[in-house]
Amino acid sequence: MMKFDSNRAWGDAMAAVRANREVLLALGGVFFLLPTLLSTVFLTDLQTQIMESMNKPQVMNRLMSDNMGLLLGFGLGGMLAQMIGYLSVTALISDRGRPTVGESIGAGLRALPSLFAVGVVGFVGTMLATVAFSMLLVGLFTLVGAAGAGSILAIVLVLLALTYASVKFSLVVPVIVNDEIGNPIAAMARSWRLTRGNSLRLFGFYTLLMVGYFALALISTLVVVGPVMLVLGQGNIAVLVMGLVSGAIGAAASIVLAAVLSQTHRQLAGPSADTVASTFE
């Protein structure tokens, strides 16, 4: 069992990003930044109305219900684009040759059904396990007259279980792309095995990445979006600026995350057969 080295994973990820920065900028712009900008442009008026009705629940509910189709369309479209983006970036910075942008996108599209299936399996499994566990725990506490305590404990334990599962399944994308495992159950099982013995280290590493992302987003909001909103108020231009800034930060963070997960997978799985073979050529 290999011990996870977070410094090595971060260094390798940054080296991969620097080596492919021009191509990654193109992929990030198409699959991460562009969907955010499109939703911002087409939903600016709606977003402005939502922001202005934050303290008016009835108005907020009416806006959401009247525009549910539009919101779902952009939401699902953006999610689909991001899924393809993660898969394409992972294929681009894999250790198996140097694929072109077209080849990377092609690999992402081919892997998309597997990732979608993983999402469905994970969602259904999570819902069933959560409902069954919550009903069992709350039922046991109800027998002793402490249903409220049982509900609180169930929520805490479910959150802990979901956090643990997210760490264990965090390498699913590189497993699907780099290990070429299309079966969703097999991909999830492979990720679970690769993270064995390193779950706590991975959780700490991911937590640091998340804290860094939120800190960067907060600083950018204070430095760029904050002054714009102070000058222009909560109008269309302010919403556009917010969308541009959040989209750019999100695109950069998505690329870094894909690179980090790819290098984490490479470290824990070892070099691919192609890489080993190339050292003897």
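The values are calculated or read from the model by the stated rules, or taken from the named source; none is laboratory data. All values reported here derive from a predicted model rather than from experimental measurement. Neighbour counts are summed over all protein chains in view; Cβ atoms, including those assigned to glycine, are modelled from backbone coordinates with ideal geometry. Accessible surface is based on the protein model in full, side chains and every heavy atom, while ligands, DNA and RNA are left aside. Shrake-Rupley method; radii C 1.70, N 1.55, O 1.52, S 1.80 Å.
Give me the pairs, please: first residue somewhere in region 202-217 and closer than 20 Å to residue 246 by Cα, second residue anywhere and at pLDDT below 90 and open to solvent by less than 90 Å² (accessible area, probe 1.4 Å), beta-carbon distance under 6 Å, and either six or more positions apart or on two chains. Listed pairs, sorted by first residue: 217/249. If you go through region 167-199 and keep only what is open to solvent by 70 Å² or more (accessible area, probe 1.4 Å), farther than 20 Å from residue 93 by Cβ and of a type outside the set (Phe, Trp, Tyr), you end up with 183, 185, 193, 196.
Those helices (runs of 4 or more DSSP H) of region 1-117 in which at least 3 residues are more than 25 Å from residue 176 (Cα to Cα) and open to solvent by less than 50 Å² (accessible area, probe 1.4 Å), considering only elements entirely within it, cover 34-42, 44-52, 57-66.
Can you confirm whether residue 202 is hydrophobic (A, V, I, L, M, F, W, C) and open to solvent by 20 Å² or more (accessible area, probe 1.4 Å)?
no
Here residue 153 meets the list (1) surrounded by 15 or more Cβ atoms within 10 Å (Cβ to Cβ); (2) touching a residue at least 24 places away in the same chain (Cβ under 8 Å); (3) more than 27 Å from residue 209 (Cα to Cα); (4) not acidic (Asp, Glu) almost entirely, failing just condition (2).
Within region 121-137, residues that are surrounded by 14 or more Cβ atoms within 10 Å (Cβ to Cβ) have Cβ atoms under 8 Å from residues that are of a type in the set (Ser, Thr, Tyr) in these pairs: 134/151, counting only partners at least 6 apart in sequence or on another chain. Those helices (runs of 4 or more DSSP H) of region 169-234 in which at least 2 residues are under 17 Å from residue 113 (Cβ atoms), considering only elements entirely within it, cover 172-178, 184-194.
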